[in-house]
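Here the structure comes first, spelled out in structure tokens, and everything after it is commentary.
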Amino acid sequence: MLSILKRLRAIDEAVFHWLFQSTRALRKSRLAFWLSRSGDGPYYALFALFAGIAAIEGSILFIQRALLAYAIEIPLFIGLKNLLRRDRPILLRKYKPVLKPADRFSFPSGHSTAAFLFAALVVASFPVWAPVFYGWATCVAISRVALGVHYPSDVIAGAILGSMIAGFVVAVLP
């Protein structure tokens, strides 16, 4: 079992290295930085505020779901990070990140968790936006690897965790 985990980690690190090298243009253009920042917390609140002000059908339910979902998501991903304690790729000293991460640990990716959670909640309330928001969430996740602050498994785990939380919340608040 331990050798399988070591192999998976080696594959994860190799894929990270390849993606980091392949996304140099994203870093130079600062596109990765802006994609990553679009996944910061205040923008979720701003979207919810606009949905509420516009009185779009389903916006009140969307806001209720979002409040419950982020009340679950934030302590959960912080707890998992501090329990699992996986160091970020930049601590290998081979990579210079474009931005300074908020904490030392990388698994799961908080940005990816929040982005996929948000995308799933938007899609549950406003299905027509599925391609836009899932595409955006995927870009946020890729940007975190491109910036050197997460391994691919970190963002995949975040995407799964965010989607699971959204599924739970939609089931609880139908």
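The values are calculated or read from the model by the stated rules, or taken from the named source; none is laboratory data. Computed from a predicted structure; not experimentally measured. Positions of Cβ are backbone-derived with ideal geometry, glycine not excepted, and every protein chain shown enters the neighbour counts. For accessibility, only protein heavy atoms count, side chains too; no ligands or nucleic acids. Shrake-Rupley method; radii C 1.70, N 1.55, O 1.52, S 1.80 Å.
Highest first, please rank the peptides 40-46, 119-125, 29-35 by the mean number of other Cβ atoms sitting within 10 Å of their residues.
119-125, 29-35, 40-46
Tell me, what does the Kirkwood hydrodynamic radius of the chain come to in angstroms if you use every pair of distinct C-alpha atoms?
16.6
Give me the Debye-computed log₁₀ of I(q)/I(0) at q = 0.15, 0.19, 0.20, 0.26 Å⁻¹ for region 86-156, equal point scatterers on Cα only, no solvent, two decimals.
Evaluating at q = 0.15, 0.19, 0.20, 0.26 Å⁻¹ gives log10 I(q)/I(0) of -0.50, -0.70, -0.75, -1.06.
Between helix 130-146 and the chain, what is the angle of the helix's C-alpha long axis to the longest principal axis, kept within 0 to 90° and rounded to the nearest 10?
30
About the Cα centre of the chain, how large is the charge dipole given +1 on each Lys and Arg Cβ and -1 on each Asp and Glu Cβ? Please answer in debye to the nearest 20.
Approximately 980 debye in magnitude.
Report, in deg cm²/dmol and to the nearest 500, the calculated mean residue ellipticity at 222 nm for the chain, where each DSSP H run with n ≥ 4 adds -39500 (n - 2.57) and the sum is divided by the residue count.
So the helix-based figure for the chain works out to -24000 deg cm²/dmol.
Note the angle between two axes, namely the Cα long axis of helix 59-84 and the longest principal axis of the Cα atoms of the chain, as a number of degrees from 0 to 90, rounded to the nearest 10.
The helix 59-84 is inclined about 20 degrees to the chain.
Given a 1.4 Å probe and every protein chain left where it sits, what share in percent of the accessible area of the chain is carbon and sulfur?
72
Projected onto the charge dipole of the chain (+1 at Lys/Arg Cβ, -1 at Asp/Glu Cβ, origin at the Cα centre), which of F16, F47, P75 gives the Cα projection farthest towards the positive end?
Projecting each Cα onto the dipole axis, the largest value belongs to F16.
When the solvent-accessible surface of protein heavy atoms is calculated with a 1.4 angstrom probe, in what order do H17, H111, H150 fall, highest first?
Putting H17, H111, H150 in descending order of accessible area: H17, H111, H150.
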